[in-house]
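What follows is a single structure, written as structure tokens, with notes after it.
The values are calculated or read from the model by the stated rules, or taken from the named source; none is laboratory data. Keep in mind that what you see is a predicted model, and the values were worked out from it rather than measured. In this analysis, Cβ positions are derived from the backbone assuming ideal geometry, glycine residues included, and neighbour counts consider all displayed protein chains. Each accessible area value is taken on the protein alone, full model and side chains, heavy atoms only, with ligands, DNA and RNA left out. Shrake-Rupley method; radii C 1.70, N 1.55, O 1.52, S 1.80 Å.
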Number of protein chains: 2
Amino acid sequence: MNDSLIPKRFLLGKKLSNENLEGQLLPKFIALPVFSSDPLSSVAYGPQELLMILTLGGVSFLAFAPGIAAVVVLLLTVIVLSYRKIVEAYPGGGGDYEVAKTNLGDRAALIVASALLLDYVMTVAVSVASGTDNLISAFPQLAAFRVEIAVAFILLLTAVNLRGVKESGVAFAIPTYLFIGSVLLMIGTGVVRLAMGHQLVSPSAHFQVHVYTADLQNATQAAFILLLLRAFASGCSALTGIEAIANGVPAFRAPKIRNAQVTMVLMGATAIVMFIGVTALAIYSNVHYSEDPAQGLIGWHGSGPQLTVMAQIAYAVFGNNSFMFYVIQAGTAAVLLLAANTAFNGFPLLSSVLAKDGFAPKALLTRGDRLVYSNGMFSLMGAALVLMVVYQASVTGLIQLYIIGVFTSFTVGQIGMLKHWRRGKADGSITVKNANSGLFINGLGATLTSIVLVIVTITKFAHGAWLVFIIMPVLYWVMYNTKRYYAEVDKEIALDEKTIFGSKGDYAVVMMDKLNKPQLKALDYALSSRHTEMEAVHIAVDPERAKEFEAEWKAMGIEVPLRIIESPYREFAAPLIEYLTKHRENNGSERISVYLPKFVVGHWWEHVFHNHRANRIRKQLMYVRGVMVTLVPWRLESADKVNLFERRPLPGDARRGDTVRPATRRHARGRNVVSRFQTTRNPDEHEE
Amino acid sequence: MNDSLIPKRFLLGKKLSNENLEGQLLPKFIALPVFSSDPLSSVAYGPQELLMILTLGGVSFLAFAPGIAAVVVLLLTVIVLSYRKIVEAYPGGGGDYEVAKTNLGDRAALIVASALLLDYVMTVAVSVASGTDNLISAFPQLAAFRVEIAVAFILLLTAVNLRGVKESGVAFAIPTYLFIGSVLLMIGTGVVRLAMGHQLVSPSAHFQVHVYTADLQNATQAAFILLLLRAFASGCSALTGIEAIANGVPAFRAPKIRNAQVTMVLMGATAIVMFIGVTALAIYSNVHYSEDPAQGLIGWHGSGPQLTVMAQIAYAVFGNNSFMFYVIQAGTAAVLLLAANTAFNGFPLLSSVLAKDGFAPKALLTRGDRLVYSNGMFSLMGAALVLMVVYQASVTGLIQLYIIGVFTSFTVGQIGMLKHWRRGKADGSITVKNANSGLFINGLGATLTSIVLVIVTITKFAHGAWLVFIIMPVLYWVMYNTKRYYAEVDKEIALDEKTIFGSKGDYAVVMMDKLNKPQLKALDYALSSRHTEMEAVHIAVDPERAKEFEAEWKAMGIEVPLRIIESPYREFAAPLIEYLTKHRENNGSERISVYLPKFVVGHWWEHVFHNHRANRIRKQLMYVRGVMVTLVPWRLESADKVNLFERRPLPGDARRGDTVRPATRRHARGRNVVSRFQTTRNPDEHEE
């Protein structure tokens, strides 16, 4: 289908030139919502998953929640500090991928790349699923459409992002600040109410907990520790998305490094306050949350979906159906969509970097006319949609695949940084003080993140994370071989000392099926090219029709020799290819032009009626040596509606069509093709 | 994707030439199973639906079954006789469609065509759904996969039919005769057992019937009659498919008319015996059948699916789990698949006739290389799959859409025949005796079928048949406008006295992006065409890269002028189009050749890596006046694996590749493009 048939300007907004690129860069107060919505929004599911796993062991296990939360907060602090260092050292974007590539080589870089690609997809899937849950907590009657809503959100995000990064930044800043503000207000109100001696009571406070893992009642020490580790691993989902700023430095306004670092610290501080606040309020208000309310919590209404932890806290603090309850739910759902939006910034950027390095198809490298990498966005959309449907938009199901990728890229990135500082220290390009501070911070980061990676893998593998160990190697393999493929092609097409250019022969063939304007136009164009040897060829699919055609040809008095080629199998391309190959054998490796008339239409549905045969013949001819295929278009009237100049807003060029100057002389060779038709109109001007 | 990349010979069997057409014609004993499986197999659901509707009113209503069955048999006899007349008068195939077109004009013909197209789709859907039910009756553990099984059957039928009509005839003859034989044996055994005083007891004999329509208990006369009419309308589903023979006369061996008529009478007689036999045994063995066993029949096990009426009779006559029980179920399922197969003969044939008349896209007219109309088969497959999924393979749901189309085409066809006989009698081309006999039989047919059409519409409309009154008009509208569209195009492209052929000017442009073999080959081919004016054009998407390219170009010493065109919006086609349009404005309506290098690859997945840009540019250029697009292929090594000659079995031509004759001289014009590369290899031979 022709591009210009789609009203895409309407969808995308006006086109932006290269010079607009600077204007699309982000000030800090816009960059914060764009890049920090992911770590901030994970407050909506991180504490929830942490508490859910503990609840599996029985309510008494919730006593361990503050300790585990403290470790998560410590880890978050270390990771933020580590990434400040990465921003400083590698301001070009690409984050962990660039760090790994520069310091550890292609293989490490590809490990990071596969982890990050998966991670971006999971960010979209988990955030959208959680956003949908929060929407459903506010409007339980939507529960029947969970998957449909999640799918619609993904499509909406794709559309918004195809319009470009700045507009999405502005449009998305308000809900993020609304979310931060309302959650902080909720935490503050909760703390004040508790201080005044009020009791906070969540709607699930009095539910009894059904303990799944029976032996936890008389827990062995190993099972006990495993459960705590699993709760910790789940809580770590609050750490996702921190790297987005490091990958997105080029999108910041100057001074880029400083602005990115400040934004990162702001983001880290906010995330810590919210994580601690939400976890604490959840414990104080006795929130009970289960993977499967039908079995996990005894006392669940049975009617309506389970409320998210955020919803239960809002319920406890502000009361059911209160105005603020809805504000919190709206803000949470919105910020989760922004988190998914982070991936729509990061994934296409990373895949364009990968394409530039030859690890991904070149189509991912081209920016669309809104300066965004549209193909990358479509890939992300497709992958997220598949996961959403397969996992039926279940947060708990999706989250199992999530953080292994995150911690893989964290760990490899930090290890790469160690090499960076060591080398800088050795060659003197970095001061000893800076290098040592970097070595300390990134060394701590590498140690902690690799420990967490091990914990996460052990505790999540059997719960679904095994799939990650299939997806990541596949991505690695594909990217590795893409590079190999491009390298082979480059080698194959590179100029060398052996190849002769200087084709010989000049034989032309015009495929003629009927005597009508499009076909005579092709014949006329072929004649005007003054080939040394030329034939019209008719493929005799129907022998009787072929005889008729021969007679018409003769009656017409066209001087070009007509060749009838038998086709007992009713094929068009194969007998022609056979004929051309023989011709070439008899005349050396000559060059052959094949002329094909082709309809050009204005509506997509018209393709149903035309062109299948011409397309098939063209594709097959391209495999024949020495052949080049010339398409001579015949524009049907409907094609006039397609205005190619719509895409170029320069005022001088905005009109279509050139002046009508009927041809008055014939082509140079003087062969009189169709003298009888020469009166007033030139076929190229037939739309007048 | 290139056709030859698919291993389709493996799927389809060897290719058949036009001369094989006669060899594909059917002898009577093969034509019977191919064309009669539809009416014969409807014994599997016709009596079942009849009894089911009566059961709605209560068991006492089953007493009306013999009377209703008798009317159905009478109708069947009349329709068979009517169609014998049609075969005699119109042996060219096309059946009701041809009759309506010849005698009543295009509009009547299109009504018949829309009815028949829907009808063929419904034949596939209903038969496959019923076949699946019978399979599940034998193997209840398959009940969970009802829709999946039905979908698999449709795909299997498509594959079998793509191989061609004769092979499917032979492969399908055995199960039809097995079905006829085993059902006749069942009827015979049942009659003998009854005569010997045995009692036949179906598994549902003792179930109580829950009466849906409460007022039928004290039925008003109108409601009472309506129920009987509805039962009759449902029983009429046994009459479907009779017209298949009339549509398929050309597939019979000579003498075609006689053979088709004999086959039709044989088929009618068999259908009547089986219909009466099955209905009688169902009544004698007290079969109770309900649309929804959970509500309709009190006493249903709850476990396992409801048995079909065929299964219940086989159970009653031969006993549960007996050998013959399984034979009957296998034969019934198989013959129902054959019935669906009938549509795979009829639908593509009809759509090719429609395409020939201009009512359907021309793509439906081309026979594939196995002499079958593949595009028609794919259309049928698609429509049947949609219905199957939407109706979840429910026979009762699907059957509501079924017989309105059948009786529409019956009625219009018979009315057309009346006109045929009357005209033949008037102009003396038909003897008065023959004409009168025709007028009597077809008059009776027209009267009865139009009455049935009214009954069926009234009784089924609210139960789902309303959809038919949307689908048929849409089909009509599409076909009507297809013809109009083709007529407009034909008018637009027809030769006229006003159009001048004799293009002037000879300006060529070669798009150059990098200096590599494919692009130099394109430049070389363009040069060898000796255009009057020629330029290499580089679209400066990246201004720095453009400067580099210009330097490389100069260093190379190529004498062709290089034009750098700015592209601030990173587009390739639009700036080129602007440039060409201006050039044309300055030089009159000249002819422009645009050369595009294009990769040719051997694996489908390689398309991911190449050609997107070339394709987009090509498509947009086709909209520009005076432009023709020349594609210069560069075959990557993988493309060598594509053997175009696989499709042509002639022994002399079966090898690929011509003798390597390195070019020794340069092209005529003598422009030294790339003298430095002239040593040993010609780029056209690069695969050696």
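Could you figure out which of (1) under 24 Å from residue B:36 (Cα atoms); (2) more than 14 Å from every other protein chain (Cβ to nearest Cβ) isn't true of residue B:354?
(2)
Of the numbered conditions (1) at pLDDT below 90; (2) open to solvent by less than 40 Å² (accessible area, probe 1.4 Å); (3) more than 30 Å from residue B:632 (Cα to Cα), residue B:500 fails exactly one; give the number of that condition.
The one condition residue B:500 does not meet is (3).
In the stretch A:591-619, which residues are over 16 Å from residue B:492 (Cα atoms) and either within 33 Å of the chain's Cα centre (by Cα) or in a loop (DSSP other than H, G, I, E, B) (or both)?
Across the stretch A:591-619, the qualifying residues are A:603, A:604, A:605, A:607, A:608, A:611, A:612, A:615, A:616, A:618, A:619.
Can you work out which of the residues in the stretch B:398-448 that are open to solvent by less than 10 Å² (accessible area, probe 1.4 Å) and outside any helix (DSSP H, G or I) is nearest to residue B:72 (Cα to Cα)?
Here the residue is B:402.
Filter the stretch B:558-570 down to residues that are over 19 Å from residue B:617 (Cβ atoms) and either open to solvent by less than 40 Å² (accessible area, probe 1.4 Å) or among the polar types (S, T, N, Q) (or both), then give me how many there are. Please lay out each step first, then the result.
Our first condition is that a residue be over 19 Å from residue B:617 (Cβ atoms); within the stretch B:558-570, this holds for B:558-561.
From what's left, either open to solvent by less than 40 Å² (accessible area, probe 1.4 Å) or among the polar types (S, T, N, Q) (or both): B:558, B:560.
Residues meeting the conditions: 2.
Output the number of residues of the stretch B:571-588 satisfying the condition of being more than 12 Å from residue B:624 (Cβ to Cβ), touching a residue at least 60 places away in the same chain (Cβ under 8 Å) and open to solvent by less than 20 Å² (accessible area, probe 1.4 Å).
1
Could you check the stretch B:614-634 and list, in sequence order, the residues that are within 8 Å of chain A (Cβ to nearest Cβ), buried (at least 16 other Cβ atoms within 10 Å of the Cβ) and within 23 Å of residue A:355 (Cα to Cα)?
B:634, the sole residue that qualifies.
Does residue B:310 meet the test of being at pLDDT 85 or above, closer than 30 Å to residue B:115 by Cβ and out of contact with any Pro (no Cβ under 7 Å at 6 or more places or on another chain)?
The answer is yes for residue B:310.
Which residue is farthest from the chain's Cα centre (by Cα), if the candidates are limited to the stretch A:549-590 and must be of a type in the set (Val, Ile, Thr) and more than 9 Å from every other protein chain (Cβ to nearest Cβ)?
Per the stated criteria, the residue is A:558.
Can you pull out every residue in the stretch A:591-610 that is more than 19 Å from residue B:633 (Cβ to Cβ) and within 7 Å of chain B (Cβ to nearest Cβ)?
Scanning the stretch A:591-610 gives A:600, A:608, A:609.
What pairs come up if the first residue lies in the stretch A:418-439 and is within 11 Å of residue A:85 (Cα to Cα), the second is open to solvent by 90 Å² or more (accessible area, probe 1.4 Å), and their beta carbons are under 8 Å apart, counting only those six or more places apart or on different chains?
That search, which allows pairs on different chains as well, returns A:435/A:422; A:439/A:422.
Yes/no matrix, rows are residues, columns are (1) of a type in the set (A, V, I, L, M); (2) at pLDDT below 90; (3) open to solvent by less than 20 Å² (accessible area, probe 1.4 Å):
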position: A:135; (1), (2), (3): yes, no, no
position: A:138; (1), (2), (3): yes, yes, yes
position: A:147; (1), (2), (3): yes, yes, no
position: A:150; (1), (2), (3): yes, no, yes
position: A:154; (1), (2), (3): yes, no, yes
position: A:174; (1), (2), (3): yes, yes, no
position: A:184; (1), (2), (3): yes, no, no
position: A:189; (1), (2), (3): no, no, no
position: A:195; (1), (2), (3): yes, no, no
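Could you say which residue among A:555, A:462, A:551 is at pLDDT 90 or above and either open to solvent by 70 Å² or more (accessible area, probe 1.4 Å) or under 29 Å from residue B:503 (Cβ atoms) (or both)?
On inspection, the qualifying residue turns out to be A:551.
Would you mind stating whether residue B:476 is within 47 Å of the chain's Cα centre (by Cα), at the interface with chain A (Cβ under 7 Å from one of its Cβ atoms) and at pLDDT 90 or above?
Judged against the criteria, residue B:476 is not a match.
Of the residues in the stretch B:479-501, how many are free of Cβ contacts under 8 Å to residues at least 60 places away in the same chain, at the interface with another protein chain (Cβ under 10 Å from one of its Cβ atoms) and not in a loop (DSSP other than H, G, I, E, B)?
Residues meeting the conditions: 7.
Quick one: would you say residue A:241 is without any contact (Cβ under 8 Å) to a residue 24 or more places away in the chain and not aromatic (Phe, Trp, Tyr)?
It is false that residue A:241 is without any contact (Cβ under 8 Å) to a residue 24 or more places away in the chain and not aromatic (Phe, Trp, Tyr).
So, in the stretch B:382-397, exactly how many residues are modelled with pLDDT of 90 or more and either in contact with a strand residue (DSSP E or B) (Cβ under 6 Å, 6 or more places away or on another chain) or open to solvent by 20 Å² or more (accessible area, probe 1.4 Å) (or both)?
If we filter the stretch B:382-397 for residues that are modelled with pLDDT of 90 or more, which is where we start, we get B:382-388.
Of the ones still in play, those that are also either in contact with a strand residue (DSSP E or B) (Cβ under 6 Å, 6 or more places away or on another chain) or open to solvent by 20 Å² or more (accessible area, probe 1.4 Å) (or both) are B:382-383, B:385-387.
Of the residues in that region, 5 qualify.
Residue under question is residue A:365, and the condition is that it be within 14 Å of chain B (Cβ to nearest Cβ), within 15 Å of the chain's Cα centre (by Cα), open to solvent by less than 40 Å² (accessible area, probe 1.4 Å) and not small (Gly, Ala, Ser); does it hold?
No; evaluated as a whole, the condition is false for this residue.
Can you tell me which residue within the stretch A:434-473, out of those that are of a type in the set (Gly, Ala, Ser) and closer than 18 Å to residue A:403 by Cα, is nearest to the other protein chains (Cβ to nearest Cβ)?
Restricting to residues being of a type in the set (Gly, Ala, Ser) and closer than 18 Å to residue A:403 by Cα, the top hit is A:464.
Going by what's in this entry, would residue B:307 be described as buried (at least 19 other Cβ atoms within 10 Å of the Cβ) and either of a type in the set (Gly, Ala, Ser) or in contact with a Gly (Cβ under 7 Å, 6 or more places away or on another chain) (or both)?
The answer is no for residue B:307.
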